[in-house]
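Colleague: I have a structure here, written as structure tokens, and I will follow up with some questions on it.
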Amino acid sequence: MKRESLIWMIALLGVLHSYLLSNPFGAILGLILTIYLIHHRVNFHPDVVIERNLRGNFEEGKEGSIEYFVENRGSEIKLKIVEEGLRAEKLVERLREGERKVLLQKVFPEAKGEFPLRTRIKALSPNELYFREIALESEKIHVIPSLESIKEGMERRVRSRSLLTRGFSGLQSLEFDELREYLPGDDMKRIDWKASSRLNELIVREFLREEARDVYIILDMTREMRKMIRRAKIDYAVTLLLYLASALLKSGIRVGVIGYSEKRFTFIPPSGEREQIQRIRSEIRFMREAGFLSLKPSLSSLSQRTKAFLRKIRGDEFERVILSLRSPSTLVIITDLMSYTSRIFNLISRIGEKHRIIILSPNPVLFYSGEMNEEVLRKLYESYIERERVLKKFRRRALVLDLGPEDYEEVLREVEI
């Protein structure tokens, strides 16, 4: 029950008490309360001007503040500001007539994204008998994720074993042939437990091995991959390439390598020979670049450098080799998707139905190792949003795995053929 309604009820009960008991005390009390209410109602004429300033972006998990410029042009009031759109402190401030103040409301964003502000503002009389609600224009606050949040979110996607299994399984197709007794050295995964329980001895499934697909590892050696502060993405990419090639060759799968940069194209035909690793080591040569990593890929327009590159190689070795692969193969593309992004997307769109495509992509956000400040964090977040958009488009055509420096060890451990 509102305070005003309660006082009106007491006044009415006082008058009723006087009438029933013929006692003037109740009527006097009712009259005093009525005069009290009317006095405060007549003198309550709020006129408040409020402007809100969001003071830039907010960061997930860190305290921020919303600034209010308040001017009281009416009677003395008590101002209450409550934010219901996110966790925030409640503001209560008394304002005299003609007073101006700047109020700071602390907010505590707990998740990233855009959130509409649902601010309730009340101008109350000093005794809180009367109030008037004040409406502000609807606004949204933008909460950027912390760097830790960005990395954790990407790592959760990177560390999905199901993706790795789905991407690299099937390089050697297996067709069931027969059951036989278990022999020392057989893979425990091939034990048929139902048959073993029926026959009371270990039984394994025997498979016929079909011809394996060739695997082509395509290495992006463009300038963005070669840039470095401590270690360049190309260092990790070459390590990954050599490990994958070695593991595939040990499994009897033919491996070829295609490398491309602004000035160079390398093609190593597929081979299952043990000497193939040495050929790859000797052919993959690159020069590291000094400078900071770029953070924004583009799927729309092409830069002048890209157009010049495309004019140089269009119809030449790189595209000709990819399009001339006759037998269905597995293409493992190691690229940060920062250079010639549109070109790569168009190419995999043309060959995706024929070949299996896996993209292992060093993520520029996770490779950033420079100093952190508010401006850098903002750029990292913008890059994170843009990259999510690009990856979403690529994932319609191929299996894509985001990789950071610490993820290579896991990929090398998990990708066992």
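The values are calculated or read from the model by the stated rules, or taken from the named source; none is laboratory data. Source: prediction; values computed, not measured. Here the Cβ is made from the backbone with ideal geometry for all residues, glycine too, and neighbour counts use every protein chain on show.
Colleague: What are the pairs with Cβ atoms under 9 angstrom where one residue, in the range 261-279, is free of Cβ contacts under 8 Å to residues at least 12 places away in the same chain and the other, located anywhere, is assigned to a strand (DSSP E or B) and of a type in the set (A, V, I, L, M)? Sequence gap at least six, or different chains.
Modeller: So the pair list comes out as Arg279/Val257; Arg279/Ile268.
Colleague: If you don't mind, another one. So which residues in the range 4-18 are hydroxyl-bearing (Ser, Thr, Tyr) and touching a Phe, Trp or Tyr at 6+ places or on another chain (Cβ under 9 Å)?
Modeller: Ser18
Colleague: Right, something else. Could you count how many residues in the range 385-404 are of a type in the set (A, V, I, L, M) and modelled with pLDDT of 85 or more?
Modeller: 5
Colleague: Identify, from the list Arg356, Arg343, the residue that is within 17 Å of Tyr260 (Cβ to Cβ) and out of contact with any helix residue (DSSP H, G or I) (no Cβ under 6 Å at 6 or more places or on another chain).
Modeller: Only one candidate passes the filter, namely Arg343.
Colleague: How many residues, within the range 40-64, are under 22 Å from Pro109 (Cα atoms) and surrounded by fewer than 16 Cβ atoms within 10 Å (Cβ to Cβ)?
Modeller: 8
Colleague: Would you say Leu377 is of a type in the set (A, V, I, L, M, F, W, C) and at pLDDT 75 or above?
Modeller: Answer is yes for this residue.
Colleague: In the range 334-345, what residues are assigned to a loop (DSSP other than H, G, I, E, B) and hydrophobic (A, V, I, L, M, F, W, C)?
Modeller: Answer for the range 334-345, where residues must be assigned to a loop (DSSP other than H, G, I, E, B) and hydrophobic (A, V, I, L, M, F, W, C): Leu337, Met338.
Colleague: Among the residues of the range 150-157, is any closer than 30 Å to Ser361 by Cβ, in the same structural domain as Ile333 (by TED's automatic domain parsing), at pLDDT below 80 and not in a helix (DSSP H, G or I)?
Modeller: Within the range 150-157 (the criterion being closer than 30 Å to Ser361 by Cβ, in the same structural domain as Ile333 (by TED's automatic domain parsing), at pLDDT below 80 and not in a helix (DSSP H, G or I)), the answer is no, since none of the residues qualifies.
Colleague: Looking at the range 86-102 only, could you name the residues that are part of a loop (DSSP other than H, G, I, E, B), in contact (Cβ under 8 Å) with a residue 24 or more places away in the chain and under 43 Å from the mean Cα position of the chain (by Cα)?
Modeller: Leu86
Colleague: Let me ask another. Run Lys194 past the list (1) assigned to a strand (DSSP E or B); (2) at pLDDT 75 or above and report the number of the one that doesn't hold.
Modeller: Lys194 satisfies all of (1) assigned to a strand (DSSP E or B); (2) at pLDDT 75 or above except (1).
Colleague: Okay, moving on. Do the conditions hold for Leu164, that is, is it at pLDDT below 75 and closer than 30 Å to Phe267 by Cβ?
Modeller: yes
Colleague: How many residues does the range 107-136 hold that are outside any loop (DSSP other than H, G, I, E, B) and buried (at least 20 other Cβ atoms within 10 Å of the Cβ)?
Modeller: Qualifying residue count, the range 107-136: 4.
Colleague: Look through the range 232-261, keep the residues that are small (Gly, Ala, Ser) and over 23 Å from Phe367 (Cβ atoms), and return whichever of them is modelled with the lowest pLDDT.
Modeller: Looking at the filtered set, the residue picked out is Ser251.
Colleague: Take the range 346-387 and flag every residue that is surrounded by fewer than 22 Cβ atoms within 10 Å (Cβ to Cβ), part of a helix (DSSP H, G or I) and touching a strand residue (DSSP E or B) at 6+ places or on another chain (Cβ under 6 Å).
Modeller: The one that is surrounded by fewer than 22 Cβ atoms within 10 Å (Cβ to Cβ), part of a helix (DSSP H, G or I) and touching a strand residue (DSSP E or B) at 6+ places or on another chain (Cβ under 6 Å): Ile348.
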